[in-house]
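Peer 1: Sharing a structure, written as structure tokens. Questions coming.
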Amino acid sequence: MKRKVCVAITARPSYSRIRTALSAIRAHPQLDLQLVVTASALLDRYGGADKVIESEGFHIDRRVYMIVEGENLVTSAKSTGFGLSELATVFDDLKPDMVVSIADRFETMATALSAAYMNIPLVHVQGGEVTGSIDEKVRHAITKLADIHLVASQRAADRVIRMGEYPERVHITGCPSIDVARQAISTPMVANDIFDAYGGVGPRLDLSNGYLVVLQHPVTNEYLDARKQVEETLAAVVRSGLPALWLWPNVDAGSALLARGLRVGRERQKLDNIHFFKNLPPEEFLRVLNAATAIVGNSSVAIRECAYLGVPAINIGTRQSGRDRGANVIDVDYCRNQILDAIRVSATIGRHQPDSLYGDGRAGERVAEVLATAPLETVKRLAY
């Protein structure tokens, strides 16, 4: 019988992190894909990732609404609680042979806990990495709940093993998001298409002489400063004079404050060089990134996919603290002058050599093969 693999997508970045593995799972003769979409992936104001998922040919087996309004620490905890309750019902209904939890967003705790308490083997993608914020705690907690680990690099594998996990359960597959980057760059971006196809808000920009991509999220342990932090980035991007494509933040604590800072900025000053998008499909986003002068903000895409692409990255603040990074990254504080200086340096230096730190672009098939062949166990003890 085929193994039923239930993958839970909780946000737009979660989809890009697993997309090629979804295709490989669906195509594998020994696997049956079950897809659950939940949390901010269902919300239009965060890009409506579920619509992108369906438009790219995937069938969604269940939708689970779990996000509590407010975007603060209390609503994050409550959303996780609602998700835990609802996902338990979904897993009981679908009866998967394994559940796949992706990375480290707060909502993924609900996926991991539901599967663990129901004695369903839990597969964790992207464990063993180091960052700042609540993501660090969530990632390592899911590692301890998980039964199979699919990691991006040897460094990540070493960390998971040092946490007491059995080496034979840790598989270095690379990151499936790098697969999307490899596929995306085979087709060049057509600049006008993104404005025609995805709308957004702001002027139609001339991107022919270089442009920035901006993606900044709130930091949960600094969430009250989110507005002040994004105002520094906004000021630097405006002063740079470069056209900028700015994507909306994730649904983390502080995102309402960050969004308010952007809206007030739009009302109080003329942002002639910035166009805002809610979301772009994974391949389109990476094509846009690949042609950019630099990415600015604090998204992990700047550290991961942009290392593979060789795109300069201005990483702001603490959200990605400790994450393994390539030579393409310039770290700066929440300071408009530092950010502006880094933008100018990046524009002068230009592209970097591609770095396969997070994978070679062929992770999806490796993931599917591990899921088809790995022993399915739920009993765990410390290996050391």
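We did not get these values from a lab; they are worked out from the coordinates using the rules stated. It should be emphasised that the depicted structure is a prediction, and the values quoted were computed from it without experimental measurement. Neighbour counts are summed over all protein chains in view; Cβ atoms, including those assigned to glycine, are modelled from backbone coordinates with ideal geometry.
Peer 1: Using alpha carbons only, how many degrees (0 to 90, rounded to 10) separate the axis of helix 226-240 from the longest principal axis of the chain?
Peer 2: 50 degrees
Peer 1: Here is a further query. So the label point goes 7 Å from the Cα of ARG266 along Cα→C-beta, right? Which residues of the stretch 60-84 then have their backbone N under 20 Å from it?
Peer 2: Zone members listed by number: 70-71.
Peer 1: To the nearest 10 degrees, how steep is helix 255-268 against the longest Cα principal axis of the chain, on a 0 to 90 scale?
Peer 2: In the chain, helix 255-268 runs at an angle near 20 degrees to the longest axis.
Peer 1: With a ≥ b ≥ c the root eigenvalues of the C-alpha gyration tensor of the stretch 187-349, is it rounded (a/c under 1.5), prolate (a/b larger than b/c) or oblate?
Peer 2: Here the stretch 187-349 falls in the rounded category.
Peer 1: Beyond a 30 Å Cα-Cα separation, which of these cross-linked pairs lie in this structure: LYS78/LYS144; LYS51/LYS380; LYS4/LYS380; LYS78/LYS270; LYS4/LYS144?
Peer 2: Over 30 Å Cα-Cα: LYS51/LYS380; LYS78/LYS270.
Peer 1: Taking springs between alpha-carbon atoms closer than 10 angstrom, which of VAL367, VAL90, VAL214 fluctuates most in the Gaussian network model of the chain?
Peer 2: Answer for the Gaussian network model of the chain: VAL90.
Peer 1: Highest first, please rank the peptides 180-186, 358-364 by the mean number of other Cβ atoms sitting within 10 Å of their residues.
Peer 2: Highest mean packing first, the order is 358-364, 180-186.
Peer 1: Follow-up. Where does the stretch 87-241 land on Rg(C-alpha)/(2.2 N^0.38 Å)? Can you show the working numbers first?
Peer 2: On the way: Rg = 20.1 Å, N = 155, 2.2 N^0.38 = 15.0 Å.
Scaled against compact globular proteins, the figure is 1.34.
Peer 1: Please find, in a Gaussian network model of the chain (springs between Cα atoms separated by less than 10 Å), the residue of SER85, SER208, SER114 whose mean-square fluctuation is greatest.
Peer 2: Between SER85, SER208, SER114, it is SER208 that shows the largest mean-square fluctuation.
Peer 1: Still on this model: Using just the helices of the chain, give the 222 nm mean residue ellipticity in deg cm²/dmol: DSSP H runs with n ≥ 4 each add -39,500 (n - 2.57), and the total is spread over all residues, rounded to 500.
Peer 2: The per-residue figure over the chain is -13000 deg cm²/dmol.
Peer 1: Also: What order do you get for VAL74, VAL100 when you list them from fewest to most C-beta neighbours inside 10 Å?
Peer 2: Least to most surrounded, the residues fall as VAL74, VAL100.
Peer 1: Next question. What percent does the relative contact order of the stretch 1-147 come to when contacts are Cα pairs within less than 8 Å and at least six residues apart?
Peer 2: RCO, the stretch 1-147: 22 percent.
Peer 1: For the chain, evaluate the Debye formula with one uniform point scatterer on each Cα (no solvent term) and list log10 I(q)/I(0) at q = 0.12 Å⁻¹, rounded to two decimals.
Peer 2: -0.88
Peer 1: Okay, next question. Assign one of three labels to the stretch 1-155, namely rounded, prolate or oblate, based on the Cα gyration tensor with a ≥ b ≥ c the square roots of its eigenvalues; rounded applies when a/c is under 1.5, prolate when it is not and a/b is larger than b/c, and oblate otherwise.
Peer 2: rounded
Peer 1: If you average the sequence gap of Cα pairs under 8 Å that are 6 or more apart and divide by the length of the stretch 187-349, what percent do you get for the contact order?
Peer 2: Averaging sequence separation for qualifying contacts and normalising by length gives 26 percent for the stretch 187-349.
Peer 1: Still on this structure, I have one more. Counting other beta carbons within 10 Å of each Cβ, put CYS306, CYS6 in order, fewest first.
Peer 2: If I rank by nearby Cβ atoms, fewest first, I get CYS6, CYS306.
Peer 1: Moving on to the next point. In what sequence, highest mean first, do 369-376, 264-271 appear when ranked by Cβ atoms within 10 angstrom? All intermediate terms of the calculation are to be shown ahead of the outcome.
Peer 2: Working: 369-376: 15.8, 264-271: 12.9.
For the peptides 369-376, 264-271, the packing ranking is 369-376, 264-271.
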